[in-house]
Amino acid sequence: MLKKKWLLREFDKKRVVEISKQYHISPLTAIILYNRGIHDDEAITRFLSKDLGVMHDPYLLKDMEKAADRIWKARDEGEKITIYGDYDVDGITSIAILYKHLREMGIEVDYYVPDRMQEGYGVNKEALDKIHKGGTSLIITVDTGITAVEESEYAKELGLDVIVTDHHECKEQLPDVYAAIDPKRKDCVYPFKSLAGVGVVFKLIQALDDKKSLPDLMDKYADLMCLGTVADISPLIDENRVIVTEGLKRFKTTKNVGLKALIDVSTNGKAITTSTIGYTIAPRINASGRLGCASRSVELFLTDDAEKAKKLAESLCEENTLRQQTEQKMFKEAMEYLEEHPEVKEDKVIVIPHKDWHHGIVGIVSSKITEKFYKPSILFAIDGDEAKGSGRSVSGFNLFGVLEQCSDLLEKFGGHELAAGLTIKSENIEAFRKKVNSCSKDQITEKMMTPTILLDAAIKVPYITLETVNDINRLQPFGVDNPTPAFAVRNIKIHKISVMSEGKHLRMTLLKDGKYLDAVGFGMGEYYQYLEEGDFIDVAFALDINDYKGFQNVQLILKDIKKSGEIENI
């Protein structure tokens, strides 16, 4: 069990009092705003309003005007457009909203999603051949393409125009295409750099919308945009905050037949939150891309046939169950590999290859390895002479940057600071392990490898009320760059303690100042052996509302537990 460091954020008490009074929010909510870097009046107003006025002009994106003009030309001249997308939730939702919009414009449109098993990530020449033979003259990539330099040259040789829309990190050389839209381009002045792929596609739709009605476009596409943005773990600030807020509003009444079917078969009528999307809905969509062909997920979001949608949604749930079983087996094998190769376990970047792994699932297992050891990890599924890998990083370490330093050993790679995909010759894996660790040894610090819980405040038990939680929830949606607020209570007594789900989860009733509090620790069952009723502990937690048969009470969602006296800095 990794020891976690607790760090209490510092704030200006005088400014927090001013914010609380001026905006009629609790002092605790004001502290959270301050801790998110939202100090001045304009920023606070924008953050609390979540207004459509936050959305930026799409034409601030480099090449947007060129792209829009080329699409209008395609419509006017009766050309066929093919949308080329990635196979994850961000890519699938990007394809769906752009396909719908181009169809509404009267354009002949098709889509192409590469088979993860046969083709791998990104644009490939064989796919370009198929698309060209199908009569397409313009390709629009979504959530991919910004690193496809060689493939773009091949498209040009075939006489295909290409418009790239992407949000991933750019390499030094951009593809030579008709237009390349990516807020991360060095020469792009767009003020918000952290759109998901589906967000970039929406900016293109905004530019193409001759009515210029943002509320109408949000009504059409916000639900799928929200899904793609949350699933891609995009920062929930600026435009993304608006997109997700607008999308969550529409989930219950979604007009998308496929999304409604998926919600019906997977959520048991529960309210849809960012957590529901991340842990329940998104994995089912991703399952088709991980285990086979993601085209079925695209079909789900394009169909107007309720019966077809129900069957597709059910098949995705079945595939997700299979994915979970495969993932558990692979994680067990990864742990066994580390026991057999202790030198790999000691590396700062953990690299694990395996011959029998499903390369569509290595990314999930990599996430679990990184979470367990709090080190960057890269896992490879070996298939003969070639291996396909996926990596996850820890905060502060740029995984994409270190892969660039090792590019001489790689066939191809792409991604961003915290996650990446790569292909390598099997014979080069050991050399890659050594080089990636050599390049990283001075970059990865002990601090990066120590999980830290950032606490917004140490609070007194009387402040833990339904009113407090409801006030804090005004700051939703929570996610990357707007994390769920975390708090600490010191010296609280364990009144009752038990485990749930065969020892996986922890349940406690805590007591202080005459007040009882329910607490749940998901995945924290191992703490049970170190604690007993009557112990005094310090707890780090998030606040939630448990709604059971119409009765609401505050529930602590535990993040860590320490024996009282272990922590001195809060």
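The values are calculated or read from the model by the stated rules, or taken from the named source; none is laboratory data. A quick note: this is a predicted structure, and the numbers were derived from the prediction, not measured. Using ideal geometry, Cβ is built from the backbone for each residue, glycine included, and neighbour counts are taken over all protein chains shown.
What the table shows:
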{"item": "Complete set of residues in region 1-30 that are closer than 24 Å to LEU558 by Cβ, at pLDDT 95 or above and exposed (fewer than 12 other Cβ atoms within 10 Å of the Cβ)", "result": "none"}
{"item": "Test for ASN286: is it over 27 Å from SER395 (Cα atoms) and in contact (Cβ under 8 Å) with a residue 24 or more places away in the chain", "result": "no"}
{"item": "Residue count, region 419-451 (criterion: closer than 13 Å to GLN405 by Cβ, among the small types (Gly, Ala, Ser) and either out of contact with any Leu (no Cβ under 6 Å at 6 or more places or on another chain) or assigned to a loop (DSSP other than H, G, I, E, B) (or both))", "result": "2"}
{"item": "Hey, ARG490 assigned to a strand (DSSP E or B) and in contact (Cβ under 8 Å) with a residue 60 or more places away in the chain or not", "result": "yes"}
{"item": "Checking ALA196 against (1) surrounded by fewer than 22 Cβ atoms within 10 Å (Cβ to Cβ); (2) under 30 Å from VAL265 (Cα atoms), the condition it does not meet", "result": "(1)"}
{"item": "Identity of the residue in region 256-292, under 20 Å from MET218 (Cβ atoms) and polar (S, T, N, Q), that ends up farthest from the chain's Cα centre (by Cα)", "result": "ASN256"}
{"item": "Residue check for GLU417: over 20 Å from ALA334 (Cβ atoms), among the charged types (D, E, K, R), exposed (fewer than 14 other Cβ atoms within 10 Å of the Cβ) and out of contact with any Cys (no Cβ under 7 Å at 6 or more places or on another chain)", "result": "no"}
{"item": "Criterion (in contact (Cβ under 8 Å) with a residue 24 or more places away in the chain, under 24 Å from VAL402 (Cβ atoms) and in contact with a Pro (Cβ under 9 Å, 6 or more places away or on another chain)) met by exactly one of ILE369, ILE350", "result": "ILE350"}
{"item": "Selection count where residues are buried (at least 19 other Cβ atoms within 10 Å of the Cβ), part of a strand (DSSP E or B) and modelled with pLDDT under 95, scope region 354-387", "result": "0"}
{"item": "Residue pairs meeting the criteria (Cβ under 6 Å; at least 6 apart or on separate chains; first assigned by TED's automatic domain parsing to the domain that holds ILE146 and within 17 Å of CYS226 (Cα to Cα), in region 66-95; second in a strand (DSSP E or B) and among the aromatic types (Phe, Trp, Tyr))", "result": "ILE95/TYR111"}
{"item": "Test: residue in region 203-218 that is assigned by TED's automatic domain parsing to the domain that holds VAL142, closer than 28 Å to SER367 by Cα, surrounded by 23 or more Cβ atoms within 10 Å (Cβ to Cβ) and in contact with a strand residue (DSSP E or B) (Cβ under 8 Å, 6 or more places away or on another chain)", "result": "no"}
{"item": "Residue ID - surrounded by the fewest Cβ atoms within 10 Å (Cβ to Cβ), chosen from residues in region 96-133 that are in a loop (DSSP other than H, G, I, E, B), touching a residue at least 24 places away in the same chain (Cβ under 8 Å) and over 24 Å from the mean Cα position of the chain (by Cα)", "result": "GLY106"}
